[in-house]
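Peer 1: This is the structure I have questions about; it appears just below.
Just so it is clear, none of the values below were taken in a lab; they were calculated from the coordinates. As the structure is a prediction and not an experimental result, all values here were calculated from the model. In this analysis, Cβ positions are derived from the backbone assuming ideal geometry, glycine residues included, and neighbour counts consider all displayed protein chains.
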């Protein structure tokens, strides 16, 4: 919000109302440039010499209304705290620090104790069209076309014609064209081949430790994996911000 005004805050309030109505038990994390440097977030008050005090008071009211706690403390432009991080669940927040930015604002890096939710797709069948026997496909399609015409002439209704066409078409594809079952890739983008090998080794060490009841090697390697994953994640984010 480079130019703070009530209209933008009213739109923010509408968005938060919609989110809380549709997801009553969800945790909210809200971050951005709010350009309200005169709010003292430790006691939710405004400095006496504040500019646009009504607008800044409106932001305080919105955060109070939706149970949002401001978590970031370091100034993000000179001595001003302009960029803020709000949450409805402070227990999820670990740290929030600055790194040099590409503009006159610092970049906020906030570490949270949350995991992304992935909507996993079911395995699906994929036809290998390059290996299809097209002569057989055309032969089956010709036969199916004749059958559909006969059904129409016999006054079969549209839904029955469609179901007949669909059933015989897929039966023909399954019979003639090779296929395979593929799974969707939900892997995090910073999980490299090296990390995948480390995770596989970690699982092997876990299996060994479970049998021998000797957990030291597994615990040490588990820490190494966590460090490597966190390092890869930070490097990935930094590259995206360049």
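Peer 1: Taking Cα pairs under 8 Å and at least six residues apart, what relative contact order does the chain come out at, in percent?
Peer 2: 13 percent
Peer 1: Follow-up. I need to check one value: relative contact order of the range 1-70, counting alpha carbon pairs closer than 8 Å and at least 6 residues apart, in percent.
Peer 2: Computed over the range 1-70, the figure is 36 percent.
Peer 1: So what is the relative contact order for the range 124-182, in percent, with contacts set as C-alpha pairs under 8 Å and at least six apart? Before the final figure, lay out the partial values.
Peer 2: Numbers: 41 pairs, mean separation 42.0, N = 59.
About 71 percent, as a whole number.
Peer 1: With mean projected area of the Cα convex hull in nm² as the read-out, I listed (1) 24.3; (2) 14.3; (3) 21.7; which label goes with the value calculated from this structure?
Peer 2: (1)
Peer 1: With everything on Cα atoms, drop me the angle between helix 134-153 and the longest principal axis of the chain, reported from 0 to 90° to the nearest 10.
Peer 2: Taking the Cα atoms of the chain, the angle to 134-153 is about 80 degrees.
Peer 1: Quick check on packing: order 128-141, 60-73 by the mean number of other C-beta atoms within 10 Å, highest mean leading.
Peer 2: Packing proxy ranking, top to bottom: 60-73, 128-141.
Peer 1: Still on this model: Based only on other Cβ atoms within 10 Å, what is the fewest-to-most ordering of 39, 28, 114, 102?
Peer 2: Ascending number of Cβ neighbours within 10 Å: 102, 114, 28, 39.
Peer 1: Please give the peptides 81-87, 191-197, 167-173 ranked by average Cβ packing (other Cβ atoms within 10 Å per residue), highest first, as a rough proxy for protection.
Peer 2: Highest-to-lowest ranking by the protection proxy: 81-87, 167-173, 191-197.
Peer 1: To continue, here is another question. Could you work out [θ]222 nm for the chain from helices alone, using -39500 (n - 2.57) per DSSP H run of at least four and dividing by all its residues? Round to the nearest 500 deg cm²/dmol.
Peer 2: Numbers: 6 runs with 115 residues, N = 242.
Rounded to the nearest 500, it is -16500 deg cm²/dmol.
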